[in-house]
Each structure stands twice: as C-alpha cells, then as structure tokens.
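For reference, the structure is listed below as structure tokens.
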Amino acid sequence: MQQLSVDDATQEVSIDDAIAALCALTFSDNGPDMAQPCPPAPHTVTSSPVRVERGRAWKREHNKATKKALSTLDVIDKCVQSCLLRLNLDGAPTLEALVYVENELAQMQRLFESVKRDVPSVVTRKAAVGDHLAQLHSHILELHHLHPPEDDKPLNYNSGKFFFILS
C-alpha cells in the first residue's frame, strides 16, 4: 500500500487506493491489520428504497386526499347512525320517515362510491362504513312489509249503470 502525501493530492488517485488508505486509518494501539481486506462500504442504493417506500406510505396516509376521504366516510357513518335511530325511535316508522331514509340511503351510497382513495386506513374505514350501509339497507327492506306499495290501478266499483261503447 502506498502512502498519500500532500504532493500526491494533485496527482490522480484511484478509488481503490483511497479506500485502502482510509481503511488503514484507525485509532487502535496495534494499527490496522493489513492482512484483512477492508469491509465493503454500505451500499446506499439498496437501503434507500426501503426508506423511500416507508416515506411514500406515510405521505399517502397523511395526505389531504386521505383526510378528506376519512372525513367523508365519517359523515356517511354518522348519517347512517342517525337514520337507524330515526327508524327505531317510534317503533313502527311512518311512510314519510321510511321514504326520507330511503332517499338519504341513496345519497349516502353515491357519496360512498365516490371515495376512491386506496390507502390502508381508508380501505379499513370504508369496509366498516359499507357494513353499516348494508345493515341500514336490510333494515329498510324489513320495514317495507309494514308499508306495502299502494296500488294505483283504478278501483272496481259497481254503480249500477252500464255504459256501452260502440266502435
């Protein structure tokens, strides 16, 4: 191994020689062991993608779009809970209350489908809110038997008079 001096700094030095010189510098009493090769330098390229991936995931979780998606899902969940309370408050809900809750459910489902963010926190919350929406939908279907749909067909009534239509 060659020693580097100040005069040699102006000359071109290979990277291997520079690494060998740096490995030779130690603060031990015995000095460097020249029989053993220097340990390889840590490769920064292999360690940085892990940090970058962790950084991207953290950034996506704390992004404005993620916060907006979570707040939208919170609003939907609160609305589902209020609709369930409205249906269960008086025992048998009125037809107007049932129609109101059906309209709210349609709006909530459209809003629920508009949430497209694909991060773990939103996916987990969306699954829970989706279960609540399905529960509300099944509860509405159960209550439909209390208010069967009205028949809009003409009423059959015998007035005692006959009309003949000639064609």
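The values are calculated or read from the model by the stated rules, or taken from the named source; none is laboratory data. Owing to the predicted nature of the structure, the values given are computational and were not obtained by experimental measurement. Note that each Cβ is placed from the backbone with ideal geometry, even for glycine, and that neighbours are counted across all protein chains shown. SASA here: full protein model, heavy atoms, side chains in, ligands and nucleic acids out. Shrake-Rupley method; radii C 1.70, N 1.55, O 1.52, S 1.80 Å.
Points worth noting:
- The single residue among VAL123, VAL101, VAL80 that is of a type in the set (A, V, I, L, M) and surrounded by fewer than 17 Cβ atoms within 10 Å (Cβ to Cβ) turns out to be VAL123.
- Only one of the numbered conditions (1) touching a Ser or Thr at 6+ places or on another chain (Cβ under 8 Å); (2) open to solvent by 100 Å² or more (accessible area, probe 1.4 Å); (3) not β-branched (Val, Ile, Thr) is not met by LEU111, and that is (2).
- The combined condition, being in a loop (DSSP other than H, G, I, E, B), within 28 Å of LYS59 (Cα to Cα) and either open to solvent by 20 Å² or more (accessible area, probe 1.4 Å) or touching a Pro at 6+ places or on another chain (Cβ under 7 Å) (or both), is fulfilled by ARG117.
- Criterion (open to solvent by 60 Å² or more (accessible area, probe 1.4 Å) and either in contact with a Leu (Cβ under 9 Å, 6 or more places away or on another chain) or at pLDDT below 85 (or both)) met by exactly one of ASP131, ASP90: ASP90
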